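Undergrad: Got a structure here, written out as structure tokens. Questions coming.
The values are calculated or read from the model by the stated rules, or taken from the named source; none is laboratory data. The model shown is predicted, which means the values in this text are computed figures rather than measured ones. Positions of Cβ are generated from backbone atoms using ideal geometry, with glycine treated the same way; all protein chains shown enter the neighbour counts. Keep in mind that these areas ignore ligands, DNA and RNA; they rest on the heavy atoms of the full protein, side chains included. Shrake-Rupley method; radii C 1.70, N 1.55, O 1.52, S 1.80 Å.
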Amino acid sequence: MSETFSGSHGRLVVAIDTAEEIGNVKGFVVDPTAKRIDAVHVSGRGKNAEIIAWASIRSFGNDAVIAKTADAAVQVSGDHDTQAVKGNIEMQGSRVLTTTGLAHGTVEDVTFDAESGELLGASTTDGGYVEASRFRALGSYALIVDLE
């Protein structure tokens, strides 16, 4: 089953072991070279940003995201994760540039497989859709794709 980043924002995150509300989906930490979601950025439990590694997600349902344990949400520590939760490296809203330097709008939304966390592709403001197999890199300036 595929999901979108925009459709997932705000979704409740619950721990299966305690039925405790952990927070809500605020965003995603992605690895565009591996073409997958590394972690889910969760809001709602304090001042420090928290993420849940995709491996700690039991299911990504229509009504809620189920984490394997209540302590699955951990404080952000790595540089890539920190930049992602600050919005400095974010796929949605990022410029889209080809490997030859041509602009193709910005990313409107990202689709992913809700079971595996695999990225499927991205729709762009110029009306295009880029398959995830064409993603090359994501940084603070742009999503680089190979369209040639």
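Undergrad: Say whether the condition of being open to solvent by 80 Å² or more (accessible area, probe 1.4 Å), within 16 Å of the chain's Cα centre (by Cα) and over 16 Å from P32 (Cα atoms) is met by at least one residue in the stretch 88-105.
TA: no
Undergrad: Collect the residues in the stretch 32-44 that are farther than 14 Å from D113 by Cα and open to solvent by 60 Å² or more (accessible area, probe 1.4 Å), keeping them in residue-number order.
TA: T33, G44
Undergrad: Same structure, new question: Would you be able to tell me the number of residues in the stretch 4-31 that are in a loop (DSSP other than H, G, I, E, B), of a type in the set (S, T, Y) and out of contact with any helix residue (DSSP H, G or I) (no Cβ under 7 Å at 6 or more places or on another chain)? Even if it seems obvious, please write down each step before you answer.
TA: First, pick out the residues of the stretch 4-31 that are in a loop (DSSP other than H, G, I, E, B): 9-11, 16-20.
So of that shortlist, the ones also of a type in the set (S, T, Y) come out as 18.
Restricting the remaining residues to those that are out of contact with any helix residue (DSSP H, G or I) (no Cβ under 7 Å at 6 or more places or on another chain) gives none.
Within the stretch 4-31, residues that are in a loop (DSSP other than H, G, I, E, B), of a type in the set (S, T, Y) and out of contact with any helix residue (DSSP H, G or I) (no Cβ under 7 Å at 6 or more places or on another chain) number 0.
Undergrad: Let me ask something else about it. Given the residues D109, D81, which is the only one that is in contact (Cβ under 8 Å) with a residue 12 or more places away in the chain, of a type outside the set (V, I, T) and in a strand (DSSP E or B)? Full working, then the answer.
TA: Values: D81 fails: in a strand (DSSP E or B).
That would be D109, the only listed residue that is in contact (Cβ under 8 Å) with a residue 12 or more places away in the chain, of a type outside the set (V, I, T) and in a strand (DSSP E or B).
Undergrad: Does any residue of the stretch 17-31 turn out to be crowded, with 18+ Cβ neighbours inside 10 Å and modelled with pLDDT under 90?
TA: Within the stretch 17-31, none of the residues are crowded, with 18+ Cβ neighbours inside 10 Å and modelled with pLDDT under 90.
Undergrad: Follow-up question, since we're still on this one. Can you tell me which of (1) under 16 Å from the mean Cα position of the chain (by Cα); (2) open to solvent by less than 60 Å² (accessible area, probe 1.4 Å) is the one G128 doesn't meet?
TA: Answer for G128: the failing condition is (1).
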